[in-house]
Amino acid sequence: MPITEERSTEFVSIMRSIETRLLEKLPETQNEVLRRLCSEHPRVLAGYAGQGPLACREDAANHVEYLAAAVGFGEATPFLDYLRWLADVWHARELPLEGLETTLRVLREYYAGLPETWAGEAVRHLDAGLAELGLRGEFLIPAGQDRGRLPATGAMLEALLAGDRHLARAVAGNVLAAGCSLAQLGARLIQPSMYEIGALWQKNRISVAQEHLATAITQYVLAQAFAGAEALARTQRRALFANVETNHHALGLRLVADVFDLAGWSIQYLGADVPTRALLEQVDTWGPELLGLSVSMPQQFAHVRAAIGALRAEFGSRCPTLMLGGQVLNRYDRAADRLGADLHVRDAMAADDLAREQ
Ligand code: B12
């Protein structure tokens, strides 16, 4: 497995074992955080808007999962990015940041009090997070990766926010009539529009229902665009597409699968949250030469690594080429490489170039 120059195999394996320990200990950690908040910080618990213990446990689980993912990845940035995102989410909902800070401090004290030496890694990440708590950040397309939004992006966003599928279809239709391919439509119109939808949800400016509606409209628009697009002659090449376990963000993967289909490949698209065992069975049954896996958040890193490890172990030299994509991979340097993939393809347009290569 390729490992970046600055990370030795030993470092990587120690960090991954700490990640595992953090996750194994999660139920105990949640209990301890809840116990301490109940007895020492009842005001923080009350701040969970009547949802008290349940919401507090869920929050603690999220903190630990992101923390563990960052440790396993070998750098604090995914955890720090999470805290910036979370601070923005809390700020937009007028939740006092003090509550988040208290929970993180309780977590820090818990790990600092454990006799196991590995807990020191968690303390280090929490210290880094606490040191810059309050900084806020968004999840838009990272600088340097932006393909350039099509001018119609504003109109598409308006149609999505209005919940108007016919208008959205018309906006996309005009873009296609002007000569855009499905891949360009996806990467330069749909993707930035949906990232804006995400940012608006994050900032509490739209509801969960509006975000779901926008997703549904987008799926409709892309399906219509696919149906009307011209396909190249069919080849013998096979590509299987799936989201790794726990990843529910399937729109990008679907778009990439459609792009391969139009380039003449036979494709199978398995959609969201595919159990690793089921994925292996399908690879065995169908025998694709390429497997495209989608990953959208750091907590899914462990699932990608597990899937890649299992695929290589089970299929050896018959293993399909393992191609990763998804927004979290576009944020971190050589992330797909560090996760053990053969290829990282950043968006639908790059996928189109690859699919058309002979
Ligand atoms: C729609 C949506 C959902 C829907 C997804 C429905 C569906 N059927 O897909 C649902 C409601 C399920 C959902 C759930 C959640 N979501 Co959500 N979601 C989004 C949203 C608004 C749009 C996603 C999308 O379709 N983007 C457009 C596509 C086209 O872009 P893309 O995925 O990046 O794909 C492109 C490339 O990455 C690449 N690519 C992607 N996959 C692959 C695969 C291969 C093989 C290749 C080659 C390339 C490739 O090519 C694609 C096309 O160019 C994003 C906002 C955003 N920034 O994307 C938030 C977002 C990703 N979600 C977020 C969150 C927090 C969640 C939840 C935790 C919310 C919750 N509290 O439950 C859950 C987690 C679910 C999970 N475990 O996966 C956050 C993540 C923040 C973070 N800290 O990481 C975001 C960024 C919103 C935000 N700004 O806060 N979400």
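Rule-based calculations on the coordinates, nothing more; no lab input. Since we're looking at a predicted model, the values are computed, not measured. Note that we place each Cβ from the backbone using ideal geometry, even for glycine, and neighbour counts take in every protein chain shown.
How many angstrom lie between the Cα centre of segment 78-112 and the Cα centre of segment 222-295? Cα centres, segment 78-112 to segment 222-295: 37 Å. Can you pull the percent of Cα pairs in the chain with separation above 30 Å? Of the Cα pairs, 43 percent sit more than 30 Å apart. Here the 3J(HN,Hα) profile of segment 71-81, calculated from phi with Karplus coefficients 6.51, -1.76 and 1.60 at θ = phi - 60°, is 4, x, 7, x, 7, 6, 3, x, 6, 5, 4 Hz, Gly and Pro shown as x.
Among G179, G325, G74, the largest mean-square fluctuation in a Gaussian network model of the chain, built with springs joining Cα atoms closer than 10 Å, belongs to G179.
Of the two radii for segment 9-131, the radius of gyration is 0.97 times the Kirkwood radius, both from the alpha carbons; that is the Rg over Rh value.
Rounded to the nearest 20 debye, the dipole size of the chain about its Cα centre is 480 debye, using +1 on the Cβ of Lys and Arg and -1 on the Cβ of Asp and Glu.
If the segment from S8 to A46 were pulled out straight at 0.36 nm per residue, it would be longer than the present Cα-Cα gap by 9.1 nm. When the Gaussian network model of the chain links Cα atoms closer than 10 Å, the mean-square fluctuations of D347, D333, D81 top out at D333.
With the convex hull drawn over the C-alpha atoms of segment 153-228, the volume per residue is 69 Å³.
Distance between the pseudo-spin-label points of A177 and A306 (7 Å out from Cα toward the beta carbon): 5.0 nm. Within 10 Å of each candidate Cβ there may be at most 11 other Cβ atoms; applying that plus a DSSP loop requirement, which chymotrypsin sites (Phe, Trp or Tyr not before Pro) in segment 21-123 survive? Hits after loop and neighbour filter: nothing returned. Using the rule -39500 (n - 2.57) for each DSSP H run of four or more residues, divided by the residues of the chain, the 222 nm mean residue ellipticity is -19000 deg cm²/dmol.
At a Förster distance of 25 Å, what's the computed FRET efficiency of A112 paired with C38, Cβ-Cβ distance as r, to 0.05? Display every interim value, and only then the final one.
Working: r = 20 Å, r/R0 = 0.81.
Efficiency, rounded to the nearest 0.05: 0.80.
Remark on T321: its backbone amide H falls under 5 Å from those of L290, L291, a criterion applied only to residues 5 or more positions apart or on other chains, H modelled at 1.01 Å from N.
Put a dot 7 Å past the Cα of T285, heading toward its Cβ, do the same for E230, and the two dots end up 3.6 nm apart.
Among the GluC sites (Glu not before Pro) in segment 264-346, those placed in a DSSP loop whose Cβ has at most 14 other Cβ atoms within 10 Å are E289. For the chain, modelled as a Gaussian network with Cα springs under 10 Å, which listed residue fluctuates most, T20, T117, T321? Of the options given, T117 has the highest mean-square fluctuation.
Site pair E98 and E357 shows an inter-label distance of 5.6 nm when each label is modelled 7 Å from Cα along Cα→Cβ.
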